[in-house]
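Written out below as structure tokens is the structure these notes cover.
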Amino acid sequence: MRHSTEISEPRAARRRRKGSGTHARTVVATVLAAVLLPAAVGGCGGRGQGAEAQPTAVPADRDSGSAHRRSTAFALDDVTRPGPAQPLRPGTHGVRLLRADVRGSLPHDPRAFTQGLEFHGGTLYESTGLFRRSSLRAGPPGKPPTAYAELPATLFGEGITLSGGRLWHITWRNGIAIERDPVTLAERRRVTYEGEGWGLCHQQVAGRERLVMSDGTDRLTFRDPDTFEATGGIDVHQDGRPVTRLNELECTPDGSVYANAYPTDTIVRIDPHTGAVTAHIDATGLLTPSERRGAQSLNGIAAVPGTDRFLLTGKLWPRMFLVSFVPK
């Protein structure tokens, strides 16, 4: 596996870019150089809206809820073998069909069971799961992390997001959200919530901020970024049918929410005001057949700041991919 921070770019992609000369592409290239190559330039919760339990501070030595203490003995297959999934139906009215067009790739830790991925400035944050193996890491993409934190053995790490001067880190069935320092990743406090935690992202709506959280169902829960208190939510649907198994989330400046549809290679784009799915993104074929044998599901989507591109990776994947979403 190549460990250079230099992005390997397909020849066809280089030909497409050559000679474009537009201002927008120049800006994108500048941002990518600054963000992606810094070295070169220098689980199911309650569904009732407003009925969620209020979070409460918990001591730092609380490792899990009593109902799930036995979960520390779970093997890898116990948490990665999916049950039957609600089939997605692309091509229906009002749903765009897109695909992930690869523009380059970076090395990724093949031992990382990726649960959350997010850019902030030039730093890429990643959370990983599994009992006894959950972690949080931060640093330049494609290079070893400059900050690293492990979770206690009984906590199963899930999604992450940044809001102001704090980083929120949720857990799967422990019912615990951890507030961390975004620079050192040191734990500041814990709060509790009802149900499972899967994905998390940060959004600005009408000048106000909120967190968006998934729990493996069709439900997205909105939370206060300061207290983690639930403030509402919405059910995700397509043609009147629920879209379930929403996993890792990414909120983008245009107001959309992107969600990995576990355990598929499809990403759905969601209008959080209505809950309607507005696009399906096909991300199949990113890994080679040999890479795929040692990998698990696609999970991890991070918008590259200042561009229309994203980084995608998955659980136990040896690479992450710089992509654009283009018509299929």
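The values are calculated or read from the model by the stated rules, or taken from the named source; none is laboratory data. Treat the numbers as computed from the prediction; the structure is a model and nothing was measured. Counting neighbours? That spans all protein chains shown, and the Cβs are built from the backbone with ideal geometry, glycine included. Heads up: the accessible areas ignore ligands, DNA and RNA and are worked out on the full protein's heavy atoms, side chains in. Shrake-Rupley method; radii C 1.70, N 1.55, O 1.52, S 1.80 Å.
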Odd one out for Phe222 among (1) closer than 15 Å to Gln115 by Cα; (2) out of contact with any Pro (no Cβ under 6 Å at 6 or more places or on another chain) = (1)
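Residues are listed down the side, and each one gets a yes or a no for (1) at pLDDT 60 or above; (2) of a type in the set (A, V, I, L, M, F, W, C); (3) assigned to a loop (DSSP other than H, G, I, E, B):
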position: Gly83; (1), (2), (3): no, no, yes
position: Leu97; (1), (2), (3): yes, yes, no
position: Ala100; (1), (2), (3): yes, yes, no
position: Gly104; (1), (2), (3): yes, no, no
position: Gln115; (1), (2), (3): yes, no, no
position: Leu124; (1), (2), (3): yes, yes, no
position: Ser127; (1), (2), (3): yes, no, no
position: Arg133; (1), (2), (3): yes, no, yes
Condition set open to solvent by 10 Å² or more (accessible area, probe 1.4 Å) and in a strand (DSSP E or B), scope region 294-321, selection farthest from Arg133 (Cα to Cα): answer is Arg309
Of the numbered conditions (1) at pLDDT 95 or above; (2) open to solvent by 50 Å² or more (accessible area, probe 1.4 Å); (3) within 18 Å of the chain's Cα centre (by Cα), Leu162 fails exactly one; give the number of that condition.
-> (2)
Hey, which of the strands (runs of 3 or more DSSP E) in region 196-293, taking only ones fully inside, have at least 2 residues that are among the basic types (Lys, Arg)?
-> 208-214, 219-223
What residue, of Leu155, Leu185, Leu167, is outside any loop (DSSP other than H, G, I, E, B) and either at pLDDT 95 or above or in contact with an Asp or Glu (Cβ under 9 Å, 6 or more places away or on another chain) (or both)?
-> Leu167
Matching residues in region 205-222 - criterion: being surrounded by fewer than 24 Cβ atoms within 10 Å (Cβ to Cβ) and in contact with a Lys or Arg (Cβ under 8 Å, 6 or more places away or on another chain) = Arg210, Gly216, Thr217, Arg219, Phe222
Return yes or no: is Ala230 small (Gly, Ala, Ser), buried (at least 19 other Cβ atoms within 10 Å of the Cβ) and touching a strand residue (DSSP E or B) at 6+ places or on another chain (Cβ under 8 Å)?
-> yes
Pro140 passes all but one of (1) closer than 19 Å to Leu106 by Cβ; (2) in contact with a Phe, Trp or Tyr (Cβ under 6 Å, 6 or more places away or on another chain); which number fails?
-> (2)
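Pick out the one residue from Thr128, Thr123, Thr192, Thr154 that is under 17 Å from the mean Cα position of the chain (by Cα), open to solvent by 10 Å² or more (accessible area, probe 1.4 Å) and of a type in the set (S, T, N, Q).
On inspection, the qualifying residue turns out to be Thr123.
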